[in-house]
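Participant: For reference, the structure I am asking about is given below.
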Amino acid sequence: MVEVIFALLAVLALIALGVLGLRLMVLARAVRDLPGQLGAVLEQNHRAMLVDLHDGLAKQAERVGAALADTSDRLREQTGRELAQTREALQALQTALNGSLAQNREALQKILAEESRAEQELIQNTMHRSTQQFTTSIEALTRKIDERLEQISGRVSERLDEGFRKTNETFVNVMTRLATIDEAQKKIEGLASNVVSLQELLGDKRARGAFGEVQLEALVRNVLPQSSYRMQHVLPNGMRVDCLLKLPEPTGSVCIDSKFPLENYHRMLDSSLSETERAAAQRQFKADLKKHIDDIGGKYIISGVTSDGAVMFVPAEAVFAEIHAYHADIVNYALQRRVWIVSPTTLMAVLNTARAVLKDVETRKQIHIIKDELGKLGKDFARFDERMRKLADHVRQAHEDAEQVQISSRKISDRFASIERVELDRDEPSPLPAVEIKDENQA
């Protein structure tokens, strides 16, 4: 109010000075226009006007001072009354605010306590359901693993039993044949005085051929399963081979033919003959071997049907040793024709190698089945790992939600404490972070 009054006085003074200035300008213009003889009159009038103006300003100042004093007293009294009323209103407002804040704090504490209990129950229920699901998954996976292991164990047991059964059958067959051989040997010994010698028996080519075929069949039958060979098999070209080995790729079918070049072998070792006759017998022995090699290479090696090589079986170890010891050119010729010369001993090694190959193929088939089962088991474990990861994410999310709720509660408590200390800031309080509680069924 005082400032308003001073502003009005300043405006009045400015107006008065403006009016005075205008009058002075008018007078100055009149003075310039009037002749010089009017100077004394104008000076007298000017002095009178100045006196009147001074008197008016003095009176105006007195009136303004009185008005200011009166106004100042009234303003002081009114300001005192308004200050007293404002102080009383502030005290009443503070009392009401404290009561309202206490009520709001109690209500918020109740709400927070209820929400905290609800969230704890939700977390406990979620963890309980997750634990139940995890236990159920573990039990189901354990049952599947047990079933798969039982299936694999049953299959392995069946395979082992089948292998043992085949081995026992082979052993029984071997023992039966050994018993037959023993009986035949006894019969031969008993009839030794009534039969010709083995030398005379083998003098016939057909007898020697039959002897070689029987010996070949006995060796093959004792080593390989029946499904892996054929005796006296007819090839697509119409030729009959003594034995056909059915081996897995890339070897394929291998032909074995029995040859027994005995006559010229005995002649070249007969000391009763002359050197010339023995040399001729040796040349004929080589010629017979080359003819046998050519026959085997031409008849029993068929492109796309059999293997790229064939086997010539020599039933006598002595003949085989003679060939490899003193006739290397025959061996090289046979290799060029892709024919391998074997004796009963070396044929056993070849047959054992073939049996190992067949066994390896069967084992690989079983390994494929086991790999398939292990692959299925690996998929089950992968699903188990994925479900375990989801369960861990749910537990971690519940833990983070609990921490967020704790942070919100701490901030609300700090805010209440600041309100009690009358430390309200001018800025609006930052909103509390939203706490999102994810249900496991929605996740």
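Participant: If you check PHE260 against the conditions, is it under 25 Å from LEU224 (Cβ atoms), assigned by TED's automatic domain parsing to the domain that holds ARG240 and at pLDDT below 90?
Facilitator: It is true that PHE260 is under 25 Å from LEU224 (Cβ atoms), assigned by TED's automatic domain parsing to the domain that holds ARG240 and at pLDDT below 90.
Participant: Specify which of the listed residues (GLN199, GLN185) is modelled with pLDDT under 65 and assigned to a helix (DSSP H, G or I).
Facilitator: Sole residue among the options that is modelled with pLDDT under 65 and assigned to a helix (DSSP H, G or I): GLN199.
Participant: Another question about this same structure. For LEU216, are the conditions met, namely being outside any helix (DSSP H, G or I) and either modelled with pLDDT of 75 or more or of a type outside the set (Lys, Arg) (or both)?
Facilitator: Here the answer is no, as LEU216 does not meet what is asked.
Participant: Which one is surrounded by the fewest Cβ atoms within 10 Å (Cβ to Cβ), of the residues in region 92-126 that are among the hydroxyl-bearing types (Ser, Thr, Tyr) and closer than 14 Å to ALA398 by Cα?
Facilitator: SER116
Participant: Residues of region 142-182 being under 30 Å from PHE381 (Cβ atoms) and modelled with pLDDT under 70, which ones?
Facilitator: SER153, VAL156, LEU160 - these are the residues of region 142-182 that are under 30 Å from PHE381 (Cβ atoms) and modelled with pLDDT under 70.
Participant: Keeping to region 339-358, report how many residues are of a type in the set (S, T, N, Q) and surrounded by 14 or more Cβ atoms within 10 Å (Cβ to Cβ). I'd like the intermediate steps shown before the answer.
Facilitator: Step one: list which residues in region 339-358 are of a type in the set (S, T, N, Q), which gives 343, 345-346, 352-353.
Filter again for surrounded by 14 or more Cβ atoms within 10 Å (Cβ to Cβ), leaving 343, 346.
Here the count works out to 2.
Participant: If you go through region 303-329 one residue at a time, how many are in contact with a Pro (Cβ under 8 Å, 6 or more places away or on another chain) and either over 18 Å from ALA218 (Cβ atoms) or free of Cβ contacts under 8 Å to residues at least 24 places away in the same chain (or both)?
Facilitator: 2
Each row is one residue, and each column tells you yes or no for (1) within 48 Å of the chain's Cα centre (by Cα); (2) acidic (Asp, Glu).
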site: ASP294; (1), (2): no, yes
site: PHE320; (1), (2): no, no
site: LEU374; (1), (2): yes, no
site: ARG389; (1), (2): yes, no
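Participant: Still on this structure: Of (1) assigned to a loop (DSSP other than H, G, I, E, B); (2) farther than 18 Å from GLY309 by Cβ; (3) in contact (Cβ under 8 Å) with a residue 24 or more places away in the chain; (4) out of contact with any Pro (no Cβ under 6 Å at 6 or more places or on another chain), THR251 satisfies all except one. Which?
Facilitator: THR251 satisfies every listed condition except (2).
The values are calculated or read from the model by the stated rules, or taken from the named source; none is laboratory data. Please read all numbers here as calculations on a predicted model, not as lab measurements. Note that each Cβ is placed from the backbone with ideal geometry, even for glycine, and that neighbours are counted across all protein chains shown.
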